[in-house]
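Everything on this sheet refers to the single structure shown next.
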Amino acid sequence: MKKKESIFKLLTQKPWDPDQAKLDDLHEGQTLNLSKGKLGLRFIMTVSTIFFCLFIVTYADRMVYPDWQRMHEPFLLWFNTLTLIITSIVFISAQFESKKKNFELVKKRFLLIGILSFIFLFGQLLVWKQMIDLGYFVSTNPANAYFYLFTTLHGLHLLGGLIYLNMTIKKVWVPQEVVIKKVQHSVELCAIYWHFLLVVWVVLFLLMLLS
Amino acid sequence: MVPDNLDEAVNKSNSVPDLEVKPQDLYHANSFITRWIFCQDAKVIGIQYSLTAIAIGLVAMVLSWMMRLQLGFPETFSFLGPAEYYQFVTMHGMIMVIYLLTALFLGGFGNFLIPLMVGARDMVFPYVNMISFWIYFLAVLILVASFFVPGGPTGAGWTLYPPQAITQGTPGSGWGIVLMLISLSVFVVGFTMGGLNYVITILQARTRGMTLMRMPLTVWGIFTATVLALFAFPALIVSCIMMTLDSLLGTSFFMPTMVELGEKLEYGGGSPILFQHLFWFFGHPEVYIVALPAFGIVSDLISVHARKNIFGYRMMVWAIVFIGALSFIVWAHHMYVSGMNPWFGFFFATTTLIIAVPTAIKVYNWVLTLWRGNIRLTLPMLFALAFIVTFVNGGITGLFLGNVIVDVPLSDTYFVVAHFHMVMGIAPVLVVFGAIYHWFPLITGRYLHEGMGQFHFWVSFLGSYAIYFPMHYLGFIGVPRRYYEMYNSEFIPTSAEGLNQFITIAALTVGFAQIVFLYNIIVSSKFGKLAGKNPWQACSLEWQTPDVPPGHGNFGKELPVVYRWAYDFSVPGAKEDFIPQNVAPNEVPEAKAEQT
Amino acid sequence: MASKEGQQHPIGIYLWIWGLLFVLSAFSYAVDWYQLQGMLRWSLILIFMMLKAGFICAIFMHMVWERLALIYAILLPCIAILFLMVFMISESGYTLWTRMVYFMVGM
Amino acid sequence: MFVAIMLTLVTVGSILFHFFSPWWWTEVASNWGNIDDTIILTFWVTGSVFVAICLFSAYCVWKFRYQKNRRADYEPENPKLEWWLTILTALGVAALLAPGLVVWNQYVTVPKDAYEIEVMAQQWYFSYRLPGEDNKLGTSDIMNITDDNPFGINPNDPNGQDDVLIDGDDIHLLIDRPTKVLLRSIDVLHNFYVPQFRAKMDMVPGSVTYYWFTPTRTGYFEILCAEYCGTGHYAMRGWVSVDEQEDYQAWLQEQETFEEMMARNNDNKEIEIVAK
Ligand code: HEA
Ligand code: HEA
Ligand code: CUA
Ligand SMILES: [Cu+2]
């Protein structure tokens, strides 16, 4: 029973009403037509989005005060951003392959993604080092503080993603044994998450560039 | 329900059949450790949560005795200096709100009741659920550890306002505050994992026939509270992270230019008010996170023990959702006199008072459920009645505080302390007690001892009312909160000293009753009167399990199928005065629900 | 699970939304009326505009009736954060103003 | 029966306590008597609802107590009743809110002729600054704070030279003169609260907050810090004396201005140098 129904309508049902009851009896107990994994991922993404949005709110607030100085922008950041974009592209292709059930290729793509992600993280560390060498410490200026904060948190989110990536790689490790549906599902979740991280990064990066 | 035009493509690629918990995939424990410690059964996790929360809650209760001793009998106890006093106040408040009530309602009751009430075998991600408990446990350990570090736990007040929280003039400003912030962050991470489970289980894993509008209000309460928590906790963790950096690395997110005890500090430029906004953006939804599950549970208690369907079920659901949504735009009512832009007062006073309307509807519906009921004055019912009295009392004082100008003289006085103890320290705690008396037979198969229960109820209810009702009047006189001692202020009549002593004695008495309660729990779980199946003759699914206490997988071989809402009490024509949710209409042909 | 209708919605909701639109417009005018200045002014005006646009898209163009629950899960927190954002921006403006007046320039 | 009686007793007890207990607010000493009026109004509205709800439940508990042979009503809802209750409650809320907002509007709108004084807080005491003859306070900055210049007054601001400084003593106010207090803190949050004035506001480092009032009664009142500010919070008190014109002038004559203080500090330094 999947019928169109607005939330207003839903909340105005009279569950005690015999006519309503006849309809309700057929309901199979699922509210949204989504897999649990996917719904879970959406929730995680929502919570993360709120989390980053709140930082951005504080950022906007803090920026107003006169002691704010524009951040030094290391060029390397552009390179790192590029890495992240490439990762997302590889993911698209991995998803494509997984739809075609070429799990051998999916495996390779995933390894590549792992490597790229580490390159990204390493690149971020290099940026840190550059900043520190130039004398921009966390406490030098709020703009710098936000930079370190954002990169750390984004990096942590990525590390979390890598754990799940690792689990997915395990699932495709021996392509003959994969349970197709499960793997396709995992690949998709991974991909969504990575695109999400890319978006988050781009937003943060633009924010820091433009202010 | 999602429309089927939720594009075909999406459907095809995502709707993988439930990979998480198929009935046969249920996780099976095979050793003591996996059975009790790293258990993935939501019921056991719920009990683990509850026990941990109660244990740490008892610490907070003992701390409150210490505070009361100081306030009732100042200059009598040499071990209570101002620094210790403030540390106790802070830890008392924080533990009670977050580590006791939030964890108990969502982690404890949520885990135990959600799968049973919606007819699921377990949470959808049992493994994550287990991890969630252990992360919570870790948070509690870090919190406890802060009592033993140099400088002791933080004494910054549970609101942790900077700059004071991380500067020298506050006890525990070194280690204590950092551990507190870390513990809170860990708590939030753990909670997010748990919360995800509750939400998705409720949305996606209900049994056949269980529409959203057939769920018991307990589930609605916990559900909405969890959603609130998922959205509000990020604000807490954000403020914790930023304050940790201010404290450890010397950033100036919240720290303004300041001189401390004659010395200029390195900080500059930040705005302390920003922290307050963030904190209350979390903090106000937080108080409803504590209140909404209590609302839900108390609705069920009243309905079951009054043998009558809950009055105005739809309005109740609406009210819960509405209160939840509104609670995000009233936060600054805690900041009327904080020095924020004074013009905000108009907006926030209005939104705050608007919340009173759906809340009032809930109150009316509770008492209207009593009307023409057939009220059994069992212990859970007594607690529910006491809840109504204390909640209305506390809610009404909330209206005083919400009306911005009235808040001016009352803010930061004992009037506020009385308000939030009435509405949060007593009302939901009474619901917790009522809920324990109600579901204890389900958890252990035995009743709690009735005599001890009556004692516990009357002392707790009358005692705590006696503590907090007079306390409002201290607030009217103008006694500020968080005062270690008043000295002999002229504007306070000397008789107020007597009042303080009376309050202290009442608090100790109420505390004693809790010890009796604990004893009752321990003894009754072994030797209590056997309860049998569905002892309260309730309709909701958790009482319809084949085994009591419910076994692994909750419902034996087959999941129940739901044919009615959770409140078919006293249906005209039916033989019994209750029809469980999983009884098909053809099994009770004589029952005729009215067509409304 | 009412199975009868597709896009039929009670007139009442439309009226509600109409009301809301009026209220929002009133707010926009109020911004003008009170002569709020600077950041606050523009952010408020923009936000009211966006809300209006959102409502119009959502209700009159029937966007909302799709995937409602999901949209709610995303929309509500966004609105809440939007509120926080508005208030924080005007708050920082206010704080900055007091700093300027009392610490730098003088009345 | 017992339960119903207890519920009634609790309700009646609360009312009696309210009317007969000796604990009530202090006599008001400022123009904010209308805050008291809004509180009284709130009391009547909400109090009657509280009593009604409690007594209603007590009645139900007694009237509809369990009887084996009785059935409860089956009544899922009654939209009409619910709407009525909602509307009535909304009216009640509006009745509380409207006057409240009116008074709040007065509270945040300072009269043009108000006399400005500054209160500066630090852990854990208050100091005060009056505008001097030009009726203007000079700017200040925490960065200017030194042993010689504890208020951090901007030494180059001409408005600040004649500011009257009161450090470690009571503040005096002139009766019946609208007074705007500017509140400032140099370390953590504090609050400036005099119970008899009914008014309060936090003091925030890095910002200046304010409120205004008109003292209407002479006397000597205690100032409390009402925002938690560390270990000494409870001991952070001060005194305000509301004076008639004569007393006030006499007191004012004795106070030192910023200029005088700087001069004195310089003298002291010279003496020290000479002594060396
Ligand atoms: C469970 C927790 C809980 C709940 C439910 C509430 C509910 C409410 N609270 Fe409370 N509050 C706290 C916990 C809670 N509060 C805490 C912990 C603090 C202090 C934090 C700190 O500073 O440490 C606090 C502080 C606090 C303040 C700040 C005070 C200050 O610091 O100066 C304010 C101000 O507006 C306020 C208002 C309200 C209002 C309007 C409600 C409303 O939701 C109440 C609604 C209920 C009713 C109104 C009763 C039922 C209605 C009727 C029976 C109808 C009759 C009504 C009419 C005729 C209008 N609360
Ligand atoms: C849910 C929250 C909660 C609860 C239950 C309590 C319970 C109590 N509180 Fe507390 N309190 C707070 C939340 C709570 N408090 C907060 C948030 C603050 C503000 C802190 C701050 O300013 O920073 C505060 C502050 C505070 C103050 C003000 C201190 C000050 O400002 O200087 C006082 C003073 O009397 C006080 C007293 C008490 C007393 C006597 C009790 C109790 O003793 C009442 C009697 C006991 C009970 C009703 C039982 C409680 C239940 C359990 C312990 C669970 C046990 C479970 C089982 C046995 C199964 N509390
Ligand atoms: Cu200063 Cu409290
Ligand atoms: Cu609140």
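FYI, it's all coordinate maths here, none of it is from the lab. From a predicted model like this one, the values you see are computed outputs, not experimental measurements. Note that we place each Cβ from the backbone using ideal geometry, even for glycine, and neighbour counts take in every protein chain shown.
Could you state the angle between the C-alpha long axis of helix D:79-108 and the longest principal axis of the C-alpha atoms of chain D, as a value from 0 to 90 degrees rounded to the nearest 10?
Orientation of helix D:79-108: about 10 degrees from the principal axis.
So for chain A, what percent of the C-alpha to C-alpha distances run longer than 29 Å?
43
Return the single residue from D:Thr179, D:Thr218, D:Thr46 with maximal mean-square fluctuation; model: Gaussian network over chain D, springs between Cα atoms under 10 Å.
Taking springs between Cα atoms under 10 Å, the residue moving most is D:Thr46.
Could you tell me how many degrees, from 0 to 90 and to the nearest 10, lie between the Cα long axis of helix D:258-275 and the main elongation axis, the longest principal axis, of the Cα atoms of chain D?
For D:258-275 against chain D, the angle is about 50 degrees.
Could you tell me the distance between the Cα centroids of segment B:129-192 and segment A:15-71, to the nearest Å?
So the separation of the two Cα centres works out to 27 Å.
Ranking request for peptides D:3-16, D:250-263, C:88-101: highest mean number of other beta-carbon atoms within 10 Å first, then the rest in descending order.
Working: D:3-16: 16.7, D:250-263: 14.3, C:88-101: 19.3.
Most protected by this proxy first, the peptides run C:88-101, D:3-16, D:250-263.
Relative to the longest principal Cα axis of chain D, at what angle does helix D:33-63 sit, 0 to 90 degrees, rounded to 10?
For D:33-63 against chain D, the angle is about 30 degrees.
Across the Cα atoms of the protein assembly as shown, what radius of gyration and what greatest pairwise Cα-Cα distance (Dmax) are found, in Å?
Values for the protein assembly as shown (Cα only, Rg and Dmax): 31.1, 111 Å.
Counting only other chains, and only Cβ atoms inside 10 Å, what mean value do you get across the residues of A:147-154?
Numbers: counts 0, 3, 7, 0, 0, 2, 2, 0.
Partner Cβ neighbours, averaged per residue: 2.
Ranked by Cβ crowding within 10 angstrom, fewest neighbours first, how are D:Val208, B:Val429 ordered? Working shown, then result.
On the way: D:Val208 20, B:Val429 24.
Going from least to most buried by this count: D:Val208, B:Val429.
One quarter of the convex hull surface, Cα atoms only: what value does that give for segment D:115-275 in nm²? Let's see the in-between values first.
On the way: hull surface 39.9 nm².
Its Cα hull, projected and averaged over all orientations, spans 10.0 nm².
Any idea how far the Cα center of segment D:34-52 sits from the one of segment B:404-427, in Å?
One Cα centre to the other: 15 Å.
Compute the Rg to Rh ratio over chain D from the alpha carbon atoms, using the Kirkwood formula for Rh, and round to two decimal places.
Numbers: Rg = 27.3 Å, Rh = 23.1 Å.
With Rh from the inverse mean 1/r over Cα pairs, Rg/Rh is 1.19.
Of the cross-linked pairs A:Lys36/B:Lys526; A:Lys38/A:Lys101; B:Lys43/B:Lys529; D:Lys180/D:Lys269, which ones have a Cα-Cα span greater than 31 Å in the structure shown? Walk me through the intermediate numbers first.
Numbers: A:Lys36/B:Lys526 39 Å; A:Lys38/A:Lys101 20 Å; B:Lys43/B:Lys529 22 Å; D:Lys180/D:Lys269 36 Å.
Correct reply: A:Lys36/B:Lys526; D:Lys180/D:Lys269.
Which of the peptides B:317-327, B:207-217, D:55-65 is most tightly packed, and how do the rest follow, judged by the mean count of other Cβ atoms within 10 Å per residue?
Working: B:317-327: 21.2, B:207-217: 24.2, D:55-65: 18.9.
In decreasing order of mean packing, B:317-327, B:207-217, D:55-65 become B:207-217, B:317-327, D:55-65.
Which of the aspartates and glutamates could be linked to B:Lys533 by a straight reach, that is with a Cα gap under 17 Å, when you skip same-chain ones fewer than 8 residues away?
Straight-distance partners of B:Lys533: B:Glu542, B:Asp547, B:Glu576, B:Asp577.
Let me see the P(r) profile for segment B:479-529: every Cα-Cα distance counted, bins of 5 Å, each bin given as a percent of all pairs.
Binned Cα distances yield the sequence 4, 16, 15, 16, 11, 9, 8, 7, 6, 5, 3, 0.
For segment D:1-151, with equal point scatterers placed on the C-alpha atoms only and solvent neglected, what are the log10 I(q)/I(0) values from the Debye formula at q = 0.16, 0.20 1/Å, to two decimals?
Reported log10 I(q)/I(0), two decimals: -1.12, -1.32.
Suppose only helical runs count, i.e. DSSP H with n ≥ 4. What mean residue ellipticity at 222 nm does that imply for chain D under -39500 (n - 2.57) per run, divided by all residues and rounded to the nearest 500 deg cm²/dmol? Each step should come with its number before you reach the end.
Values: 5 runs with 107 residues, N = 276.
Estimated from H runs of four or more residues: -13500 deg cm²/dmol.
For each of A:Phe122, B:Phe420, count neighbouring Cβ atoms within 10 Å of the residue's Cβ, then give the residues from fewest to most.
Details: A:Phe122 12, B:Phe420 18.
The fewest-first ordering by Cβ neighbours comes to A:Phe122, B:Phe420.
Among A:Phe118, A:Phe43, A:Phe150, whose mean-square fluctuation peaks in a Gaussian network model of chain A (Cα, cutoff 10 Å)?
The residue that fluctuates most here is A:Phe43.
Can you give me the three principal axis dimensions of segment D:65-168 from its C-alpha atoms, in Å, biggest first?
In descending order, the Cα extents are 88, 33, 21 Å.
Quick one: P(r) of segment B:529-596 from all Cα-Cα pairs, 10 Å bins, percents rounded to integers, in order of increasing distance.
Percent of pairs per bin, in order: 20, 48, 26, 6, 0.
Starting from the Cα of A:Lys182, draw a straight line to each of the aspartates and glutamates and keep only those under 17 Å, dropping any in the same chain fewer than 8 residues away.
A:Glu97, A:Glu104, B:Asp18, B:Glu20, B:Asp25
Determine the distance separating the Cα centre of segment B:221-298 from the Cα centre of segment B:463-538; give it in Å without decimals.
Measuring centre to centre over Cα atoms gives 29 Å.
What does the average come to when, for each residue of peptide B:305-318, you count the partner chain Cβ atoms lying within 10 Å of its Cβ?
Details: counts 1, 5, 5, 6, 7, 2, 7, 8, 6, 10, 7, 1, 5, 3.
Taking all residues of B:305-318 together, the mean is 5.
Starting from the coordinates of the alpha-carbon atoms of chain B, obtain the Kirkwood hydrodynamic radius over all distinct pairs and give the value in Å to one decimal.
Working: mean 1/r = 0.0397 Å⁻¹.
For chain B, inverting the mean 1/r across all distinct Cα pairs yields 25.2 Å.
Taking a quarter of the surface of the convex hull around the Cα atoms of segment B:329-475, what do you get in nm²?
10.2
Just tell me how shielded A:156-165 is by partners: mean number of partner chain Cβ atoms within 10 Å of each residue's Cβ, no decimals.
Working: counts 0, 0, 0, 0, 0, 0, 0, 0, 0, 0.
Going residue by residue through A:156-165 and averaging, the value is 0.
Just to be sure I understand: of the beta bridges DSSP finds with both ends in the protein assembly as shown, what percent are antiparallel, rounded to 5?
Numbers: 34 of 47 bridges.
Bridges in the protein assembly as shown are about 70 percent antiparallel.
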